[in-house]
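Novice: Shown below is the structure under consideration.
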Amino acid sequence: MKYKLAKFLIITASAAMSSACVTTPYVAPQSGPVADLAIRIIPAKGTGFTLSVYDDAENCSGARTLMDDAGKISISSTKLVANKLTTFSYYEVQGNLSCTVNFSFLPEADHIYVLDTVTGRNRCSYRIVDATDKQRMVGVPVTMRTVGGAMCLRMKK
């Protein structure tokens, strides 16, 4: 009896945890002001990753998957709602090591942005550049939301 109960609890907990990780795919805006986003993810061999964007950028909730893959360079593009805070979640895992970061920026209408991630030594790294002028790409101010154990640090007003 104890064995069956323990097995049931393990299966139930596993199902609950895996269902919590499932997100809906991101759908680009069909109207209104937009910004273009090119995404380039360069993981280390054998590294899995997920890049999501949140419906509620302030509170980091309502994750929508932009990309997920394992162990290969991935390039994609999409559109973002312009002039509205955008918050991303980037998660990568390799063996028993993993990292998660949430970061935000404010895309401007009719601009082209490039988001790069690179697997570092036990850390997630990323950058966003404004590539509207291809001759002079400039870094974009990004607010790190994952700080000191907090996954969604509140934005300063």
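The values are calculated or read from the model by the stated rules, or taken from the named source; none is laboratory data. Please read these numbers as outputs of a predicted model, since none were measured by experiment. Quick reminder, even Gly has a Cβ in these numbers, built from the backbone with ideal geometry, and neighbours come from all protein chains shown.
Novice: For residues in the stretch 30-44 being over 13 Å from the mean Cα position of the chain (by Cα) and not hydrophobic (A, V, I, L, M, F, W, C), which is farthest from Lys84 (Cα to Cα)?
Specialist: My answer is Pro43.
Novice: Exactly one condition in (1) over 21 Å from Thr24 (Cβ atoms); (2) surrounded by fewer than 16 Cβ atoms within 10 Å (Cβ to Cβ); (3) in contact with a Phe, Trp or Tyr (Cβ under 7 Å, 6 or more places away or on another chain) is not met by Ile128; state its number.
Specialist: (2)
Novice: Considering only residues that are at pLDDT below 95 and of a type in the set (Gly, Ala, Ser), look in the stretch 99-130 and name the one that is farthest from the chain's Cα centre (by Cα).
Specialist: For the stretch 99-130, the residue satisfying everything is Gly120.
Novice: If you don't mind, there's one more thing I want to ask. Can you name every residue in the stretch 52-76 that is loosely packed, with under 14 Cβ neighbours inside 10 Å, over 19 Å from Arg145 (Cβ atoms) and not aliphatic (A, V, I, L, M)?
Specialist: Hits for the stretch 52-76 are Gly71, Lys72.
Novice: Here's something else I'd like to know. Counting only residues that are free of Cβ contacts under 8 Å to residues at least 40 places away in the same chain and of a type in the set (Gly, Ala, Ser), which one in the stretch 86-129 is nearest to Asp36 (Cα to Cα)?
Specialist: Taking the stretch 86-129 first, the residues free of Cβ contacts under 8 Å to residues at least 40 places away in the same chain are 86, 88-89, 96-99, 105-106, 120-129.
Of the ones still in play, those that are also of a type in the set (Gly, Ala, Ser) are 89, 98, 120, 125.
Working: Ser89: 18, Ser98: 29, Gly120: 26, Ser125: 21 Å.
Here the residue is Ser89.
Novice: Same structure again: It is to be established whether one or more residues within the stretch 133-142 are polar (S, T, N, Q), modelled with pLDDT of 85 or more and in contact with a strand residue (DSSP E or B) (Cβ under 6 Å, 6 or more places away or on another chain).
Specialist: No, the stretch 133-142 has no match at all.
Novice: Something else now. What single numbered condition from (1) out of contact with any Pro (no Cβ under 7 Å at 6 or more places or on another chain); (2) assigned to a strand (DSSP E or B) fails to hold for Asn59?
Specialist: Exception for Asn59: condition (2).
Novice: Within the stretch 62-85, work out how many residues are in a strand (DSSP E or B) and in contact (Cβ under 8 Å) with a residue 40 or more places away in the chain.
Specialist: Of the stretch 62-85, the ones in a strand (DSSP E or B) are 62-70, 74-81.
Keeping just the survivors that are in contact (Cβ under 8 Å) with a residue 40 or more places away in the chain gives 63-66, 77-81.
Residues meeting the conditions: 9.
Novice: Within the stretch 19-36, is there a residue that is surrounded by fewer than 12 Cβ atoms within 10 Å (Cβ to Cβ), among the hydroxyl-bearing types (Ser, Thr, Tyr), touching a residue at least 12 places away in the same chain (Cβ under 8 Å) and at negative phi? Give the derivation first.
Specialist: Kept after step one, since they are surrounded by fewer than 12 Cβ atoms within 10 Å (Cβ to Cβ), are these residues of the stretch 19-36: 19-22, 24-25, 27, 30-32.
In the following step, the residues that additionally are among the hydroxyl-bearing types (Ser, Thr, Tyr) were identified as 19, 24, 31.
When the remaining residues are screened for being touching a residue at least 12 places away in the same chain (Cβ under 8 Å), the result is 24.
Add one more test, that the residue is at negative phi, and what stays is 24.
Yes, that holds for at least one residue.
Novice: Next question, about the same structure. Any residue at all in the stretch 2-10 that's in a helix (DSSP H, G or I), at pLDDT below 95 and within 18 Å of Cys99 (Cβ to Cβ)? Quick ask: steps written out before the conclusion?
Specialist: Residues of the stretch 2-10 that are in a helix (DSSP H, G or I), as a first pass: 2-10.
Filter once more, so that each one left must be at pLDDT below 95: 2-10.
Those left that are additionally within 18 Å of Cys99 (Cβ to Cβ): none.
Scanning the stretch 2-10 turns up no residue that is in a helix (DSSP H, G or I), at pLDDT below 95 and within 18 Å of Cys99 (Cβ to Cβ).
Novice: Any residue in the stretch 133-157 that's closer than 23 Å to Asp36 by Cβ and free of Cβ contacts under 8 Å to residues at least 40 places away in the same chain: show its pairings with residues that are among the small types (Gly, Ala, Ser) and in a loop (DSSP other than H, G, I, E, B) at Cβ separation under 7 Å, as long as the two are six or more apart or on different chains.
Specialist: Met137/Ala131
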